[in-house]
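Structure record follows, encoded as structure tokens.
Each reported figure results from applying straightforward, stated rules to the coordinates on display, with no laboratory input. Source: prediction; values computed, not measured.
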Amino acid sequence: DGREGHRFELSLAKEGGASLVFDLVALPEELDIAGVNYYPTDDDDDASAYGGPKFDDLDGNLQEAFYAYLEDLGFDNDFAHNLHEYAVAKENQEYLHWLNSVHKFLD
């Protein structure tokens with residue numbers, strides 16, 4: 001939809017090795033779930049290479065439940081806003097450092 005965000009992954013593991021991995025995007029005003037993948041343990045007899053459907057294809061109630069689960073863990077719209085602001089500030093800082101380095105090189 002043209003909104004610029006900062007993509008990151010949140011991996012949650014259970015004792016025994018199974019994990020749920022969220023592909024997330026921190027947008028200026030909200031947290032967006034781009035995908036959710038489940039990875040069974042290596043010794044799980046029912047293990048498959050299927051990570052799960054596209055997030056947008058999930059039932060709306062299940063999508064809302066995933067957002068609520070993340071919010072309970074502290075990954076909410078406020079977190080996304082703060083992460084987005086930090087990433088923008090960090091990128092600006094790195095850009096200024098790069099400009100200074102290039103200026104010194106050319107001097």
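Compute the angle between helix 77-106 and the longest alpha-carbon principal axis of the chain, please, reported from 0 to 90 degrees and rounded to the nearest 10.
40
Could you identify which residue out of E15, E91, E64 has the top mean-square fluctuation in a GNM of the chain using Cα springs shorter than 10 Å?
Checking each option, the largest mean-square fluctuation is seen for E15.
For helix 60-72, report the angle its Cα long axis makes with the longest principal axis of the Cα atoms of the chain; keep it between 0 and 90° and round to the nearest 10°.
On a 0 to 90 degree scale, this one is about 60.
For V36, list long-range residues whose amide hydrogen, built 1.01 Å from N in the peptide plane, is under 5 Å from its own amide hydrogen.
Sorted by chain and number, the residues that satisfy this are D23, F55.
Hey, what's the per residue convex hull volume over the C-alpha atoms of the chain, in cubic angstrom?
Dividing the Cα hull volume of the chain by its residue count gives 165 Å³.
Along region 25-30, what does the Karplus equation 6.51 cos²θ - 1.76 cosθ + 1.60 (θ = phi - 60°) give for ³J(HN,Hα), rounded to whole Hz, x for Gly and Pro?
Karplus values, whole Hz, x for Gly and Pro: 10, 8, 9, x, 10, 7.
Would you mind calculating the relative contact order of the chain from Cα pairs under 8 angstrom and at least 6 residues apart, reporting the percent as a whole number?
Computed over the chain, the figure is 23 percent.
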